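Below is one structure, written out as structure tokens, with a few remarks after it.
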């Protein structure tokens, strides 16, 4: 489940000049408007801001080296504290749980962009090595702006809107995945002879309720700081352990819809059924939070594979126990994951996510149905399998590899039921749809934000590092919103692929080990043979999507129909995951007689659709 929780934390806000046509004239005018040569003697800028938004208040702060763009940011908002930084080589994030993790992928590009903005590098004769393209003049709200697109070297493009009269930067448009983040700057103030934006409003596009505002409370210029100021800090967390000082703890897992579930306790209560998700965060549902008496703070928009959003908040948890492993004093997300109960056929109570994976070496044996958490001090990789290096994109492991020989970056996501889901940008850039004439448009998954739709086909070779997997069931995303709609990565590798292996995650060293499962593989390399997506419903299973020209449509089934019996057995005698598996794995040509609400009977003949 990709990116279920994200909060934009605002750092240093400098006056941001814009290159417009004629370029040199506008650039000179902007520098003059914000202080001109007074900037030339400035070296280090230290700022503090008051934060309000998303139902929380707090503060942010930043120290920035103007000649290099190196920076270190921090925040204390609601119950959460953390920060991030960039020293010219390494980008890092200190998450709310206290661990510090190096960043790669789009997050590294974002850090390079921030360094470029911090240093006002477009004022330089060579534009700081960036590509700078004028977008011409635009009018909005009765005002005229010069628009510029800037792409820093090794960074990514962002747009700046520059007031044509004052030459001050008023807006920034920054693409983060499939979201466009709009920052609006105002209240420019004179600080030691130069002008700095005193206020910024950050809009993620989810509505006024989720706007974030930062207001400058302190700014000062200082001499150059030790370069180590901006380096990744060395942090040792001591908030986790394994009972009795054991080297590891093993617990049974339940594999349902290709999702990993196990029982945990929270604050000594439970057990609760939690999903284990490398792409997610430690979280509980509102019902569990209420049962435990947890205080909810804030309201944030959570995004996933679907086009919609869910509302999330934050809380503090004293103890999470997973098998014999214990985590103490953690920030958790509160998210209505139980709203997906009808989709999964199981009542999810919460999630074990990045914060837990980050502290232990985690081994997932899909076929053996066990989860093992290992004390990193005692981990021996000798028999773990083939090492595959990854970087972190936010909190998600991201692997370099290829699809059908095309290089790409792929998120590793145990929260996805699919084999491989390719992003819309990657598919369109490489003309993949035309290369795969046999396929179907269907619902390929479901998560935060609703269904994930794509063109499902049988792909060729997927390579993850040195590991190669042939004949992969692949979904080419077709949605304009959601995690798969952007172009910041190539695709998502789910448990449909991972369960072919015993998978070991070493987050500290950013290595995933893949060891082929010694047990017989089941339910791999296949896709639904019925042509319907079904969810739990009162009295049966509701058809929520019908594949065009598929077996179900040809038999006369349509969206909204409710299945109440299967081959004469009442719907209550089987589970949603078991019925899905039957409709997927039964031999092509198998006839399934479905009794429908209202007394109608329909027989569908299963067949391969891809």
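The values are calculated or read from the model by the stated rules, or taken from the named source; none is laboratory data. What you see is a predicted model; the values in this text were computed from it and never measured. Ideal geometry is used to build each Cβ from the backbone, glycine not excepted, and the neighbour counts take in all protein chains shown.
Given the criteria outside the structural domain of residue 370 (by TED's automatic domain parsing), surrounded by fewer than 19 Cβ atoms within 10 Å (Cβ to Cβ), at pLDDT 95 or above and in contact with a helix residue (DSSP H, G or I) (Cβ under 9 Å, 6 or more places away or on another chain), does residue 562 qualify? So residue 562 passes the test. Give me a count of the residues in the range 292-321 that are over 24 Å from residue 255 (Cα atoms) and part of a loop (DSSP other than H, G, I, E, B). Of the residues in that region, 6 qualify. Checked against (1) free of Cβ contacts under 8 Å to residues at least 60 places away in the same chain; (2) surrounded by 19 or more Cβ atoms within 10 Å (Cβ to Cβ); (3) touching a helix residue (DSSP H, G or I) at 6+ places or on another chain (Cβ under 7 Å), residue 294 passes all but condition (3).
Could you tell me whether residue 289 is assigned to a strand (DSSP E or B), touching a strand residue (DSSP E or B) at 6+ places or on another chain (Cβ under 7 Å) and in contact (Cβ under 8 Å) with a residue 12 or more places away in the chain? Here the answer is no, as residue 289 does not meet what is asked.
Do we find that residue 182 is touching a residue at least 24 places away in the same chain (Cβ under 8 Å) and not assigned by TED's automatic domain parsing to the domain that holds residue 578 in this structure?
Working: touching a residue at least 24 places away in the same chain (Cβ under 8 Å): no; not assigned by TED's automatic domain parsing to the domain that holds residue 578: yes.
Spelling it out, it is not the case that residue 182 is touching a residue at least 24 places away in the same chain (Cβ under 8 Å) and not assigned by TED's automatic domain parsing to the domain that holds residue 578.
Just a yes or no: is a residue in the range 136-157 crowded, with 21+ Cβ neighbours inside 10 Å, free of Cβ contacts under 8 Å to residues at least 60 places away in the same chain and touching a strand residue (DSSP E or B) at 6+ places or on another chain (Cβ under 9 Å)? Yes - at least one qualifying residue is present in the range 136-157.
A quick yes/no check of all residues on (1) under 17 Å from the mean Cα position of the chain (by Cα); (2) part of a strand (DSSP E or B); (3) more than 26 Å from residue 160 (Cβ to Cβ):
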{"residue": "83", "(1), (2), (3)": "no, yes, no"}
{"residue": "88", "(1), (2), (3)": "no, no, no"}
{"residue": "93", "(1), (2), (3)": "yes, yes, no"}
{"residue": "96", "(1), (2), (3)": "yes, no, yes"}
{"residue": "102", "(1), (2), (3)": "yes, yes, yes"}
{"residue": "106", "(1), (2), (3)": "yes, no, no"}
{"residue": "113", "(1), (2), (3)": "no, no, no"}
{"residue": "122", "(1), (2), (3)": "no, no, no"}
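Just so you know, in the range 173-193 the residues that are out of contact with any strand residue (DSSP E or B) (no Cβ under 6 Å at 6 or more places or on another chain) and within 19 Å of residue 39 (Cα to Cα) include one that is surrounded by the most Cβ atoms within 10 Å (Cβ to Cβ), and it is 193.
You will find that of 441, 413, 375, the residue that is out of contact with any helix residue (DSSP H, G or I) (no Cβ under 7 Å at 6 or more places or on another chain) and surrounded by 23 or more Cβ atoms within 10 Å (Cβ to Cβ) is 413 and no other. Does residue 469 satisfy being surrounded by 17 or more Cβ atoms within 10 Å (Cβ to Cβ), modelled with pLDDT of 95 or more and more than 30 Å from residue 333 (Cα to Cα)? Spelling it out, residue 469 is indeed surrounded by 17 or more Cβ atoms within 10 Å (Cβ to Cβ), modelled with pLDDT of 95 or more and more than 30 Å from residue 333 (Cα to Cα).
So which of 111, 91 ends up being buried (at least 22 other Cβ atoms within 10 Å of the Cβ) and touching a helix residue (DSSP H, G or I) at 6+ places or on another chain (Cβ under 9 Å)?
The conditions single out 91.
Residues that are over 13 Å from residue 106 (Cα atoms) and either assigned to a strand (DSSP E or B) or not assigned by TED's automatic domain parsing to the domain that holds residue 110 (or both) within the range 159-178 comprise 159, 160, 161, 162, 163, 169, 170, 171, 172, 173, listed in sequence order. On inspection, residue 343 qualifies as outside any strand (DSSP E or B) and either at pLDDT below 95 or in contact with a strand residue (DSSP E or B) (Cβ under 8 Å, 6 or more places away or on another chain) (or both).
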